[in-house]
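Comments concern the structure below.
Derivation of every value follows stated rules applied to the coordinates shown; laboratory data play no part. Only a predicted model underlies this, so the values are computations on that prediction, with no experimental measurement involved. Using ideal geometry, Cβ is built from the backbone for each residue, glycine included, and neighbour counts are taken over all protein chains shown.
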Amino acid sequence: MKYFLISLTLLLFGCASFPKKNNLESISGHTPTIINPYFSDLAMDYIYKAKINFADKSFGGIFVIKKMGPEHHRVVFTTEMGNKLFDFSFFKNEFRINFIPSEMNKKILINLLRQDLFVLINENPKILNQYRKMGDSIFIETKLKNNTYFYLTADERLYKILKTKGNKEKSSYIFAEIENDHAKEIKIRHKNIKLTIDLKAI
C-alpha cells in the first residue's frame, strides 16, 4: 500500500502542469500590449557579437537584427570578416532563407534557429494566463506556433522566456544588461539539444 501511494504521488506530480509544478499562483489584472520590446525599434540596428554552438561545431561572428516593418524582421549572421553565415527574413508567420552555407544547411539546425529567432523578435504573443511566484516575478503564459512559453517579468520588464512542454522546461531565453528596451546580452539554452546561442551587444 505504501509503495502504491508513493507511485501514485509521483505519477500525479509528473502529470502536473508547469504552473502547478512550479507553485505559480494565477492572477488577473492589466495585460501588457507589448511584452517583448527588445527588437521593436524600426530606427535601430541591433548588432551583437555572437557565438553559436551546435553539436560539435562552433560559429562566431557578427549578428544583426533589423526590424523592417510591422511583424517583419531580417536576421543576418556573418563572420568578423564579413562573410555571411546565414541571412533570414521573418514576415508575420512566413520564414524565408535568403542565404545559408552548406555547413549550416541542416534541417534540424534551421528549424531550431527559426524557432529561437522567432521567439526573440515576436513582440505580441497570444497571452493565455498570468501567474505570480513568490517574490516579484510575473509569469505570462503565451502561445507561439502551437508551443507554450512563459514570459518572466519583474517590474514590468522581461528578463526570461521559457519554452515548456507539459510540466517540463525545454529551452530558455535569458535577457540581461537591459537599457532603454535594449537587451545587451542574450543567452539561449536548450535542454537535451546541443545548441547554445550567446549574443553580446557591440
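A few remarks follow.
- Annotation for N83 and Y159: the two label points, set 7 Å from Cα along the Cα-Cβ direction, are 4.0 nm apart.
- Above-threshold pairs, the threshold being 24 Å between Cα atoms, out of K107/K187; K107/K145; K84/K160: K84/K160
- Distance between the C-alpha centres of the stretch 144-202 and the stretch 52-108: 18 Å, rounded to the whole angstrom.
- Gyration tensor over alpha-carbon atoms, the stretch 106-202, equivalent ellipsoid semi-axes in Å: 21, 18, 12
- Fewest-first sequence of I62, I52 by Cβ atoms within 10 Å of each Cβ: I62, I52
- Label-zone membership for the stretch 89-104, site N146, 7 angstrom Cα→C-beta point, backbone N under 17 Å: 93-95
- Diagonalising the gyration tensor over the Cα atoms of the chain and scaling each eigenvalue by 5 before taking the square root yields semi-axes of 33, 21, 15 Å, largest first.
- Highest-first arrangement of 39-46, 151-158, where packing means the average Cβ count within 10 Å: 151-158, 39-46
- Cβ crowding within 10 Å, taken as a proxy for footprinting-reagent exposure, orders E141, E179 from fewest neighbours to most as E179, E141.
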